[in-house]
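Worksheet for the structure shown next.
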Amino acid sequence: MALIGTKDVELGFDAPHFELPEPKSKRIRSLEELKGEKGTLLMFICNHCPYVIHLVKEIVKVAETYLPKGVAFIAISANDVVNYPDDSPDKMIEFASFYNFSFPYLYDESQRVAKSYFAECTPDFNLIDSQGKVIYRGRFDAATPGNTNPVNGEDLIDAIDRLIESKPQKVDQIPSMGCSIKWK
């Protein structure tokens with residue numbers, strides 16, 4: 001496992017459009033179709049990363065809180081499934097079902113979408129405002145598998161609340177940390 005952080009990029013860039021398959025529904029889903037009225041949280045995750053597994057139950061709870069408030073949640077796996085078969089589309093369906101995802105979990109086989117969002121790790125969070133601008137690329141919270149900090153989503157929740165309340169985002173965003181995306 002290679003620990004890596006979210007790439008530091010200038011915020012405010014246009015969220016790249018995508019159309020990706022959703023293994024569970026066997027449909028092609030787009031950002032345009034899935035985006036929320038207030039905003040959208042786009043997460044690059046995978047099934048086997050201990051950092052994702054450490055947070056996933058709380059991610060689901062945060063989604064359940066904010067979906068009714070107009071913030072859509074979308075998860076994407078971009079890992080190379082040839083060398084990491086635990087991240088295959090069939091395993092994605094199992095993972096999403098096991099954790100009761102109330103949001104789509106899409107498969108980026110070409111890895112183009114991950115690259116267009118500068119994703120480097122799992123989890124990697126991109127909060128997109130209602131104008132389609134990426135305004136947050138920080139961590140979920142201070143919890144990691146190797147520390148005793150509570151898994152509570154406080155950093156991401158603050159960013160989502162600021163989005164909903166039309167308040168400026170914090171300038172100093174702490175990068176997410178996790179496993180590197182498994183590039184082909």
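Laboratory data are not the source of any read-out in this text; all were calculated from the coordinates shown. This one's a predicted model, so the numbers in the text were calculated from it and none came from an experiment. Every residue, glycine as well, gets a Cβ built from its backbone with ideal geometry; the counts of neighbours run over all protein chains shown.
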Neighbouring Cβ atoms within 10 Å as the yardstick, rank THR40, THR122 fewest first. THR40, THR122
Please report, in whole Å³, the volume per residue of the convex hull around the C-alpha atoms of region 1-49. 123
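Only four residue types carry charge here, +1 at the Cβ of Lys and Arg and -1 at the Cβ of Asp and Glu. Report the dipole size of the chain about the Cα centre in Debye, rounded to the nearest 20. Write down the numbers at each step before the final one.
Values: 21 positive and 27 negative charges, 32 e Å.
With Lys and Arg at +1 and Asp and Glu at -1, about 160 debye.
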For a quick check of your reading of the filter: which chymotrypsin sites (Phe, Trp or Tyr not before Pro) in region 135-184 sit in a DSSP loop and have no more than 15 other Cβ atoms within 10 Å? TRP183
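Run lengths n ≥ 4 of DSSP H only: what is the helix-derived mean residue ellipticity at 222 nm for the chain, with -39500 (n - 2.57) per run over all residues, to the nearest 500? Mind showing how you got there, number by number?
Values: 5 runs with 47 residues, N = 184.
Result for the chain: -7500 deg cm²/dmol, rounded to the nearest 500.
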I'd like the isolated cysteines in the chain, meaning no second cysteine's beta-carbon lies under 4.7 angstrom from theirs. CYS46, CYS121
Past 26 Å, Cα to Cα, is the threshold; run LYS24/LYS57; LYS69/LYS184; LYS24/LYS170; LYS24/LYS115 against it and keep the listed order. LYS69/LYS184; LYS24/LYS170
